[in-house]
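The values are calculated or read from the model by the stated rules, or taken from the named source; none is laboratory data. For clarity, every value in this text was computed on a predicted model and none was experimentally measured. Positions of Cβ are generated from backbone atoms using ideal geometry, with glycine treated the same way; all protein chains shown enter the neighbour counts.
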Amino acid sequence: MTHPALDLAADHPFGIHNLPYGVFDHGGHARVGVRLGDHVLDLCSIPGAEFADAWAQDTLNTFLAMGRAAWQSARAWLTDLLTDDGERATVEEHLVPLSDVMLRLPFRVGDYVDFYASEHHATNVGKIFRPDSEALTPNWKHLPIGYHGRSSTVVVSGTDIVRPSGQRKPPTESSPVFGPSVRLDIEAELGFVVGGAQTELGRPVALAEAHEHLFGVVLLNDWSARDIQAWEYVPLGPFLGKSFATSISPWVVTMDALAAARVPLPGQDPEPLPYLRGEPTADGASTAYGLDITYEVDWNGTVVSRPPYRTMYWSPAQMLAHMTVNGAITGPGDLFGSGTISGPEKDQRGSFLELSWSGQEPVRLEDGSERTFLEDGDTVTLRATAPSPDGSVIGLGECTGTIVSCQRNSD
């Protein structure tokens with residue numbers, strides 16, 4: 001399908017098969033839009049827009065709270081509008097070039113949880129941090145391990161990342177020192193945006209119900225200060241080494257747009273406990289599914305890794321079910337990350353801790369420089385695509401951040 005108002009090719013990654021939501025500022029007024037090619041469709045200004053009041057807000061949260069029936073109705077309305085030649089003038093009137101807008105954080109983040117769902121990543125990290133022990137902890141294949149993050153430091157792509165300071169214990173020192181992190185890292189992840197009505201305290205979201213609460217995905221970079229993390233994480237896990245910044249992409253690609261990207265999980269052995277077991281769906285698939293999403297990790301203009309999401313051990317539905325099985329509340333605007341995406345090959349590792357094997361194997365960039373961890377001025381960009389129903393691709397956009405000195409921030 002093409003739309004004559006855009007001269008948009010049928011296989012454009014931001015074509016009618018995608019329709020991701022974001023929040024844009026144009027003329028000093030922020031509101032919800034949908035990306036079409038290199039334009040934004042200003043939804044709330046379209047006559048007869050079905051959810052105009054929700055789309056006139058400066059976050060997606062009101063629309064997220066409306067639930068799956070509303071999300072599907074909106075997608076059907078948009079598809080009809082964009083494939084009706086009689087609506088060409090209306091669509092053209094409400095298109096704004098991407099170059100003329102400022103993209104905002106697309107939703108107000110409620111709770112933020114980060115998981116650890118890649119067996120390859122967990123195995124690599126285990127070998128690095130615990131070389132004399134089993135790489136995977138005994139619980140890893142029985143439950144999706146995660147930690148509660150800091151929602152207030154989730155920022156939109158393009159926001160500079162200030163190098164964090166904290167306690168770290170160099171191996172040559174007998175006691176900790178305080179100062180800027182010298183082992184600053186990334187984690188290439190997929191973030192899941194939760195919608196639907198807020199759940200009740202004490203009522204878990206069953207795995208079979210998870211789809212009703214999964215609105216869409218964003219690219220997510222869980223910036224990590226490995227030296228701060230290594231000193232603090234025993235016995236309670238990540239804290240200041242993670243909480244200083246998490247970047248997400250500005251466009252939320254809906255789960256409906258990713259229907260053709262669903263794939264079986266790579267296999268779970270031992271079989272999970274009943275509340276984490278996928279069940280067959282009407283189309284012969286499973287309620288616990290993976291996603292065929294391919295990433296690029298770009299470090300200062302050099303693509304250094306291509307992590308495949310389809311290799312992840314735990315599914316998004318299992319992560320949501322586990323996150324609420326104790327009765328914890330979830331609601332519109334909650335965000336959970338998949339954890340670092342890493343495949344079995346070296347060029348599929350989604351963190352620089354793994355790529356450089358804890359600094360022992362420097363990564364050479366195209367300009368001839370070498371890196372182990374991030375230096376001030378470095379820019380990292382995550383990109384990703386997924387298959388669409390017609391054989392083309394769905395774009396997930398970019399998630400980028402540049403490291404700035406903590407000294408610059410204090411000047």
(message) Can you go through Ala206, Ala225 and tell me which one is touching a Phe, Trp or Tyr at 6+ places or on another chain (Cβ under 8 Å) and farther than 21 Å from Pro144 by Cβ?
(response) Ala225
(message) Among the residues of region 242-249, are any touching a Lys or Arg at 6+ places or on another chain (Cβ under 7 Å), assigned by TED's automatic domain parsing to the domain that holds Thr324, under 24 Å from Val162 (Cβ atoms) and not β-branched (Val, Ile, Thr)?
(response) yes
(request) Kindly indicate whether Phe192 is assigned to a strand (DSSP E or B) and either surrounded by 21 or more Cβ atoms within 10 Å (Cβ to Cβ) or touching a residue at least 12 places away in the same chain (Cβ under 8 Å) (or both). (result) yes
(request) Just need a number here: residues in region 114-157 that are part of a strand (DSSP E or B), crowded, with 19+ Cβ neighbours inside 10 Å and either of a type outside the set (A, V, I, L, M) or touching a helix residue (DSSP H, G or I) at 6+ places or on another chain (Cβ under 6 Å) (or both). (result) 3
(request) Kindly list, by first and then second residue, each pair from a residue in region 252-266 that is crowded, with 21+ Cβ neighbours inside 10 Å to a residue that is part of a loop (DSSP other than H, G, I, E, B), limited to pairs with Cβ atoms under 6 Å and residues at least 6 apart or on different chains. (result) Val252/Pro20; Val252/Pro106; Val253/Pro20; Ala257/Asn18; Ala261/Asp292
(message) Residue under question is Trp77, and the condition is that it be surrounded by fewer than 17 Cβ atoms within 10 Å (Cβ to Cβ) and free of Cβ contacts under 8 Å to residues at least 40 places away in the same chain; does it hold?
(response) yes
(message) Checking the structure you have, find out if any residue of region 84-99 is closer than 25 Å to Ile293 by Cα, at pLDDT 95 or above, part of a helix (DSSP H, G or I) and not acidic (Asp, Glu).
(response) yes
(message) Being touching a Lys or Arg at 6+ places or on another chain (Cβ under 8 Å) and hydroxyl-bearing (Ser, Thr, Tyr) is true for just one of Ser351, Ser356. Which residue is that?
(response) Ser356
(request) Any residue in region 302-313 that's in the same structural domain as His120 (by TED's automatic domain parsing): show its pairings with residues that are of a type in the set (D, E, K, R) and surrounded by fewer than 18 Cβ atoms within 10 Å (Cβ to Cβ) at Cβ separation under 7 Å, as long as the two are six or more apart or on different chains. (result) Thr302/Glu366; Val303/Glu296; Ser305/Asp347; Arg306/Glu296; Arg306/Asp347; Arg310/Asp292
(request) Considering only region 124-149, state which residues are within 19 Å of Glu271 (Cα to Cα) and of a type in the set (Val, Ile, Thr). (result) Thr137, Ile145
(request) Could you please let me know if Gly343 is farther than 16 Å from Ala188 by Cβ and not in a helix (DSSP H, G or I)? (result) no
(request) Answer with yes or no whether Leu82 is buried (at least 18 other Cβ atoms within 10 Å of the Cβ) and not hydroxyl-bearing (Ser, Thr, Tyr). (result) yes
(request) Output yes when any residue across region 22-45 is modelled with pLDDT under 95, within 24 Å of Met255 (Cβ to Cβ) and more than 25 Å from the chain's Cα centre (by Cα), and no when none is. (result) no
(message) Please pick out the residue among Pro171, Pro204 that is assigned to a loop (DSSP other than H, G, I, E, B), in the same structural domain as Asp298 (by TED's automatic domain parsing), at negative phi and modelled with pLDDT of 95 or more.
(response) Pro204
(request) Filter region 322-333 for residues that are small (Gly, Ala, Ser) and more than 17 Å from the chain's Cα centre (by Cα) and give the result. (result) Gly327, Ala328, Gly331
(message) Take Glu173 and tell me if it is out of contact with any Asp or Glu (no Cβ under 7 Å at 6 or more places or on another chain) and without any contact (Cβ under 8 Å) to a residue 24 or more places away in the chain.
(response) yes
(request) Those residues that are farther than 22 Å from Ala69 by Cβ, part of a loop (DSSP other than H, G, I, E, B), in contact with a helix residue (DSSP H, G or I) (Cβ under 8 Å, 6 or more places away or on another chain) and at pLDDT 95 or above, I need them from region 250-303; list them, please. (result) Pro272, Arg277, Ala288, Asp292, Ile293
(request) Output the number of residues of region 158-175 satisfying the condition of being closer than 14 Å to Phe244 by Cβ and loosely packed, with under 13 Cβ neighbours inside 10 Å. (result) 0
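Yes/no matrix, rows are residues, columns are (1) over 16 Å from the mean Cα position of the chain (by Cα); (2) not β-branched (Val, Ile, Thr):
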residue	(1), (2)
Ala282	yes, yes
Ser286	yes, yes
Thr294	no, no
Leu320	no, yes
Leu335	no, yes
Asp367	yes, yes
